[in-house]
1. For segment B:415-423, just list the computed ³J(HN,Hα) in residue order, Karplus coefficients 6.51, -1.76 and 1.60, θ = phi - 60°, integers in Hz, with x standing in for Gly and Pro.
2. First check a/c for chain B, with a ≥ b ≥ c the square roots of the eigenvalues of its C-alpha gyration tensor; if it is under 1.5, answer rounded, and if not, answer prolate when a/b is larger than b/c or oblate otherwise.
3. Nearest 5 percent is fine: what portion of the DSSP beta bridges confined to the protein assembly as shown is antiparallel?
4. In whole Å, how far is the Cα centre of segment C:61-135 from that of segment B:10-64?
5. Under 8 Å for C-alpha pairs, at least 6 residues apart: give me the relative contact order for chain D, rounded to a whole percent.
6. Once label points are set 7 Å from the Cα along Cα→Cβ at both B:ALA235 and B:ASP584, what is their separation, rounded to one decimal in nm?
7. What shape does segment A:41-80 take by its C-alpha gyration tensor, where a ≥ b ≥ c are the square roots of the eigenvalues and a/c under 1.5 counts as rounded, a/b above b/c as prolate, and the rest as oblate?
8. Under the rule a/c < 1.5 gives rounded, and otherwise a/b versus b/c splits prolate from oblate, where does segment D:99-168 land using the Cα gyration tensor?
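What follows is calculated from the coordinates using simple rules that are stated; it is not laboratory data. Only a predicted model underlies this, so the values are computations on that prediction, with no experimental measurement involved. As a convention, Cβ positions derive from the backbone with ideal geometry for all residues, glycine included, and neighbour counts pool all protein chains shown.
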Amino acid sequence: MPSVSMTVNGKAVTGEVEGRTLLVEFLRQNLNLTGTHVGCDTSQCGACVVHVNGKSVKSCTTLALQAEGAEVSTIEGMATNGDLHPIQAAFKEHHGLQCGFCTPGMVMSAADLLQQNQDPSETEVREWLEGNICRCTGYQNIVKAIQAASQEMKG
Amino acid sequence: MAESGIGASVRRKEDNRFLTGKGRYTDDINRHGQAYAYFLLSPHARAKINGIDTSAAKQAPGVVGVFTAADLAADGVGGPICGWVVTQKNGEPHKSPAVSALASDRINFAGEQVAVVVAETLTQAKDAAELIEVDYDVQQAVTKMKDSLSSSAPQLHDDVPGNLCFDWEIGDKAATDAAFANAHHVTKIDILNNRLIPNAMETRAAIGDYDSGTETMTLYTTSQNPHVARLVLAAFMGLGPENKLRVVAPDVGGGFGSKIYVYRDEIVTLWAAKKLDRPVKWVADRSAAFLTDAHGRDHDTHAELAVDKDGTFLGLRVSTLANVGAHNQIFSTATPSYLYGCLLAGQYKTPAVYGEVKTVFTNTAPVDAYRGAGRPEATFVVERLVDKTARELGMDATDLRRKNFIPKDQFPYQSPCLVQYDSGDFNLLLDRAKEVIDYDGFAARRQESAARGKLRGLGLSCWIEACGLAPSAVVGALGGGVGQWESANIKFNPTGSVTVFTGSHSHGQGHETVYAQIVSDQLGVPFDSVEVVHGDTAVVPFGMGTYGSRSGPVGGGAIYKAAQKIIEKGRKVAAHLLEASAEDLEYADGTYTVAGTDRTKTLAEVAFAAYVPHNYPLDEVEPGLDETAFFDPANFTFPSGAYFAEVEVDPDTGHVTIMNMIGIDDVGTVMNPMIVHGQLHGGFAQGIGQALYEQCVYDENGQLITGSLMDYCMPRADNFPMFTTEETNQPCPHNPLGVKGCGEAGAIGSPVAMLNAVVDAIGTDIDMPATPEKVWRALQSRAQAAE
Amino acid sequence: MEMSGQHRIRASRQAVWEALNDPEILKQSIPGCEEIEKISDTSLTAKVKLKIGPVSAKFAGAVELSDLDPPNGYTIAGEGKGGAAGFAKGGAKVTLEEDGAATILRYEVNAKVGGKLAQIGSRLVDSTAKKMAEDFFGRFSEVVGTPEDMETAPEAVAAPPEAQGLSPLVWIVGLIAVVGVLLLIFAF
Amino acid sequence: MYDFNYHRPKSIDEALSALTSASDGKLMGGGQTLLPTLKMRLASPSDVVDLGAISDLKGISDQGGAIVIGAGTTHAEVASNAAVKSKIPALAALADGIGDPQVRNRGTLGGSIANNDPAADYPAALLGLGASVKTNKRDIAADDFFTGMFETALADDEIVVSVSFPVPEKASYAKFPNPASRYAVVGVLASKGPAGVRVAVTGAGQGGVFRVAAMESALDGNFSAEALAGISVPSGDLNADIHASAEYRAHLVGVMAKRAVEAAG
């Protein structure tokens, strides 16, 4: 079996995978990072969003071997020393989650948006979330949380 | 209001784990040595199974077991059951065909589970499933209700003649006929309530685990009601005894009704774990979820409203066909009967109402309770019909409603449809809704849209629902198979922290927070010292679970009651510690005070003494501070609301843009406004999804052609504007917290407000979902008709 | 999916009839056909491999002929299984009519797809069916007739849902169509 | 997914040799179409050759009269590239409307056009702007590149290297998306420039992307929405599905064409 090495949340990791092993499977099964979820099989729902080399991607539509040598970050890497990342904190403050299943993908997707656009409008946030489906919240508080986080992060 | 007590927007306890990826959903759990199950699903909607050859699959690499219906039958394992007997017009019970745990000799819907492969890895299980040869004798399927009822239709079940599950009625037919005979005007409408697919973001999953040493089984599963699952598995599926079966519903990623039922895959996974004596894990992929989860709605209704000259409602007549799909499930008979028919009077004092419902088996996935369950369908019928009546009479839609509202001073109000509404103030709701939407400014907004070539519409719904599914006596009298109370157990620990066990189950609703608020409020302990535990039959005494917006009114009521028991027990202990009589103690904010003195003991001190009874009147009071309560309220609760939707239609494309959506709700006491508004937003999104986007489509052969997220349109963030939600609450008089429930409200009131807005914009009736092509075609037809 | 259409093929009716019943000609005409075998005068099996876009699936199918009326036409029904992809089945009525030295072949097809094909590929069922029919007749005409024989393309019409029988070619076209559906599902 | 041998070549030559030595090899761009297909077990290639590590396929260069975009460039890179945004804003906007942000971060221009999904956006850009496709073997004009639904002029061992888009005087893309999948139900790119007046339609045609000659000639002398009045496309050759009938698509082609022309200015 091929071997793959990458950095996940700042830690170097190596594992044996098959050609067909998806990045999300590698994260969940090999590394026990179960915060990244699988919500669909056609790449629409976004529950599996992680960052590869700083960009948000769907880890269910990426092979583990495609991430060879890459810097991968997942929801587990967002908080530092037990302190929530401002986006996580804003989701909590603004009730941007209910069942929590889509939440890791939402947070990772939002983090990519805010590194590209420090002050997104409501419309820009809503459009950005095109690839993240939430069935619980009606999105309203997710949008509010992301906008609040953007203000917080701008300082 | 305390900062963390009832009424405060306390931030959620559960959020930290969800936000950091530490939530623990079923698929996140792995048992040592687990194998993986994969189900072979029928590609046909209707077929006879002549034989299943699993020999090649059994020989495939990694396979540890391949099982079919015969294996389950040999062990006496049963299939899904119906939990509610509906008595038909003719006095007979509804037809409930037996269902096996895997399809045995007949297929009745595409996606029906035919066989299971258990293997060392999931890919090996999938590979082996391709080697199973099923000899199907494929037959013509029937997916439309009217076709299924026709005399030439194929028969789905041998013991269900004419594919009719039940023919049921509610209300007074003679009185209603008389009302119509004297009517000045009769409005008629034909309505389809579109079939929906729940699509909780976490798909269903299960892990079966068997301990041969103790002969106990554990099922980890995505359930909204683990105790009910255990009860049903033990009592009907032969997977008991109940005390040797533990069901754990860990973090669950949304339910919306679809995770109430005990499904075949869960039964089989649990059984296989015992059979193979090793843990077995199964997780539905989204494609399987589309095919096998219980769907929602799917009604075809003709309704008529008789009115007097001045718009006074005289009588309402409703005739509905409801699709049950291939076979019954737990609530599939209750949903289109009592949960639907009981709400047909709406907010109005219509004196005579008669409804009849025929439920029909078809070659489609089972249909069961989905967020709102019956009540969105009832609201849709009533509020479309009232809106159409206003148009036909040339009356303002709000004036006509107001004229017919049940006045505030007539509560409790006995509806002609069995139920007694507890409280409400419909004028207040509508007044406020009109203010918030700026009703009077609509004409100007419509003109402004017209100037840009767009069609603007405003739609209203004034709705009422029955929820807080409870009174066991009523539910039992109507045919329900179980009690509908809820339980709570509060353990006041010796060191002052509190653990609360609830039979209710959170899959997004925030129980861990709201229940802690109740306990903190009642027992005067810090919010952070209260931990709420749910979802595990091994630790929670019992429970009926979460559905029908019952967690607040019923589950919360049980917790309140248990807290009172703690206070009363503590009073005895405090009396001993304070050397006073229990009757002389006053209790407030977690502290007992001897009346008229400054002598006090806190509950924490009392608890410590109760667990360390060194000097303790054991003949008067037992040690410990641990109380359990079961709460069974006297009635359902009746939330109500007034919702407005405002839309703009692009006549060139038929595209509908939502300009505004507001809701004024009466959900009784609000325990956590932040969470209540979150529930309402989510309900709006699902309701609007039904009105504009979502549609489950089977082709004429019973193939599900909206079988993925590429064709079944789940609403996204960019479909919506910011919603406005407010409450004007009338507390519920028959539960201790005054709570009515809010989980379903948004999904009940919003679809019809949205559709009424589209109808208002385009000036002609249209079915849900109002997709661009449908709207465009409606506009074309209207233009042609005008020529 | 329902389709009907007609093609004018510059060959005698007898020649077209024989070609319709000649496994070798069918094999040449069906894109991706790896194997075709005549089991009896009225039954046929085939294996077709289709590779379109990202999708590549193998179908194994069997076809039955009925209402044989040489050289005027027949009814045909068949079914193909594509493993994890699902199945395709259908039928068609095929008639051959003389038009001078040429032959007009008419067909009415009713083909069904099921399983994963129907569940995720519905957006392209109709157009794939047409494309496959065009591909087939293009090749068939090349083999049977002289060049420039392709005169008309099939057109979709609403046909009664219970149409029966399918020409082997048309049926296999339906079968192929089903496979083709798959490729249409994912884009980007 | 069935298993396969995975290759990640660094050069086009390595990619070709991996492809040709495989019994049933498949090229992968960003994998946003291929991987879901494989997950559904709808294909079982023996080898997957990932073009993602070939630097020769990446990058965007402004060559004055044309913008040349490497086949391995992602949709997100095209959408945010300064040269594309200033010289062919219609192309940047089109790329920004493909799929969703995560798909745009991985999906590539080359992967999209080689797949030629009849509802994909990029084929409309190539055809509507009169682009030219450079492969490892030759240059192919967009008019010759898209040969039918999911079919292109590419040979089995041919790899798209880059696409050259001539800078138009004016251009705009109007898309009516499928609300569920966000593919184009109908997308129209209208442009006026060195390649003449062009109107390319995606999402609607059974054979994939196509040009509307009647609209182009009407716009030739008068590039305005009014010039399109009364011009319709026949619905006979258009796609139909549960989201839109052929008749509705035909109507939308007219509406979207007008909107594109209007927005192009």
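1. 3J(HN,Hα) across segment B:415-423, in whole Hz: 6, x, 10, 6, 8, 10, 5, 7, 7.
2. oblate
3. Counting only bridges with both partners in the protein assembly as shown, antiparallel ones make up about 85 percent.
4. When both Cα centres are located, 37 Å separates them.
5. Averaging sequence separation for qualifying contacts and normalising by length gives 15 percent for chain D.
6. My value for the distance between the label points is 5.0 nm.
7. oblate
8. It is rounded, given that a/c, with a ≥ b ≥ c, falls under 1.5.
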